[in-house]
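Below you'll find the structure, written out as structure tokens, and then a few comments.
The values are calculated or read from the model by the stated rules, or taken from the named source; none is laboratory data. All values derive from a computational prediction rather than experimental measurement. Here the Cβ positions follow ideal geometry from the backbone for every residue, glycine too, while neighbour counts run over all protein chains shown. All accessible areas refer to the heavy atoms of the entire protein, side chains included, with ligands and DNA or RNA removed. Shrake-Rupley method; radii C 1.70, N 1.55, O 1.52, S 1.80 Å.
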Amino acid sequence: MWELYDELIEGIPSEWKAERIVCGVRNCFVLSEAGGGISHTMYGTVKSATFLDKYDGMPLRDLAACVKSWEYGEASLGHAALNAYYNSVPQMTALGVEIAEASRVEDRKADPFIMGQNDMRDKTVTMIGRFPYVDKLLAPICDLRVIAKYHPLDGDYPEEAAEYLLPGSDFVFLPSYAFVEKTLPRFLKLAGGAFTTIVGPATTLAPSLFRHGVHDLSGFVVKDAE
């Protein structure tokens, strides 16, 4: 079960350091020499300065290994450390990913819920987590099933339904917080042959994930750490 995580952790250069760590109510941030990475602060657990002190100056790879922790505040920092390496501008540039100029207008052409609409028409689409605007964008054109652990709406399914709804789906969308909760390997296995996308600002943009059943990654790159 840890293979996916171990590959990500081992891919980080051993000599890199975590130069700055910030933990807020909704998100946490880790700065490395190549760039910054963010993650969700799971369950809004604000950590004190004393909590953060023990990670100050830690090798980035060691901090990233904390993503395997079952203390979710620590795992959130570990995930942010992963992203401080993989979601950096140098890594994206090396992979040939085009980094868009800063804009207040959302890049609709790169929105995974818009660019795939034609392919998803009349298909079975299952997503873990309730993403913005999916009822307007996808519900009218496909058989959309939403599994919502947090803030479910009427008609949403509980997380236990994943065992029944993910198998047989044509398209599956998974949330970036699944890295922290350690549910990602299980969801990927259940998704089977579906076209599977991980979505969210904290999605780790690592090519190694394509070896584990992921087909597309939609995430966030920090260009201005300050």
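Work out how much length Asn118 to Val89 would gain on full extension: take 0.36 nm times their residue separation and subtract the Cα-Cα distance, in nm to one decimal.
7.4 nm
Test of understanding: what is the full-extension gain from Asn27 to Met1, defined as 0.36 nm times their sequence separation minus their Cα-Cα distance? Let's see the in-between values first.
On the way: separation 26, 0.36 × 26 = 9.36 nm, distance 2.58 nm.
Gain on stretching Asn27 to Met1: 6.8 nm.
Round to a whole number: what % of the accessible area of the chain belongs to carbon and sulfur, probe 1.4 Å?
Within the chain, the accessible surface is 52 percent carbon and sulfur.
Treating the beta-carbon of each Lys and Arg as +1 and of each Asp and Glu as -1, no other charges, what is the dipole magnitude of the chain about its Cα centre, to the nearest 20 debye?
The calculation lands at about 200 debye.
For region 1-99, which chymotrypsin sites (Phe, Trp or Tyr not before Pro) are both in a DSSP coil and crowded by at most 15 other Cβ atoms within 10 Å?
Trp2, Trp70
Quick check on packing: order 197-203, 94-100, 136-142 by the mean number of other C-beta atoms within 10 Å, highest mean leading.
On the way: 197-203: 21.9, 94-100: 9.6, 136-142: 15.1.
Highest to lowest by the protection proxy: 197-203, 136-142, 94-100.
With each run of n ≥ 4 DSSP H residues scored as -39500 (n - 2.57), what mean residue ellipticity at 222 nm is computed for the chain after dividing by its residue count and rounding to the nearest 500 deg cm²/dmol?
Roughly -7000 deg cm²/dmol at 222 nm, from the helical runs in the chain.
How much space per residue, in cubic angstrom, does the convex hull of the C-alpha atoms of region 86-226 take up?
Once divided by residue count, the hull of region 86-226 is 130 Å³.
From the residues Ala178, Gly213, Tyr5, which one has its Cα farthest along the dipole of the chain in the positive direction, the dipole being from +1 and -1 charges on Cβ of Lys/Arg and Asp/Glu about the Cα centre?
Farthest towards the positive pole: Ala178.
Regarding region 153-226, what is the average projected area of its C-alpha convex hull, in nm²?
Its average projected convex-hull area is 6.2 nm².
Using modelled amide H (1.01 Å from N, peptide plane; none on Pro or chain starts), what sits under 5 Å from the amide H of Lys17, excluding residues fewer than 5 places away?
Those lying under 5 Å, H to H, from Lys17 are Glu33, Leu60.
Each label point is 7 Å from the Cα along the Cα-to-Cβ direction; what then is the distance between the points at Phe210 and Trp70, in nm?
3.5 nm
If amide hydrogens are placed 1.01 Å from N in the peptide plane, which non-local residues have theirs closer than 5 Å to the one on Tyr157?
Result for Tyr157 returns Val146, Ile147, Ala148.
Given the chain, what percent of its DSSP beta bridges are antiparallel, to the nearest 5?
35 percent
What are the ³J(HN,Hα) couplings of region 130-137, residue after residue, when phi is run through the Karplus curve with 6.51, -1.76, 1.60 and θ = phi - 60°? Round to Hz, x for glycine and proline.
9, 8, x, 6, 5, 5, 7, 7
Identify the trypsin sites (Lys or Arg not before Pro) of region 147-226 meeting these criteria: DSSP loop state and at most 14 other C-beta atoms within 10 Å of the C-beta.
Filter output for region 147-226: Lys223.
7 Å from Cα along Cα→Cβ at both Lys109 and Lys189: what's the point-to-point distance in nm?
Rounded to a tenth, the inter-label distance reads 4.0 nm.
At a threshold of 8 angstrom on Cα-Cα distance, excluding pairs fewer than six apart, so keeping six or more, what relative contact order does the chain reach in percent?
About 19 percent, as a whole number.
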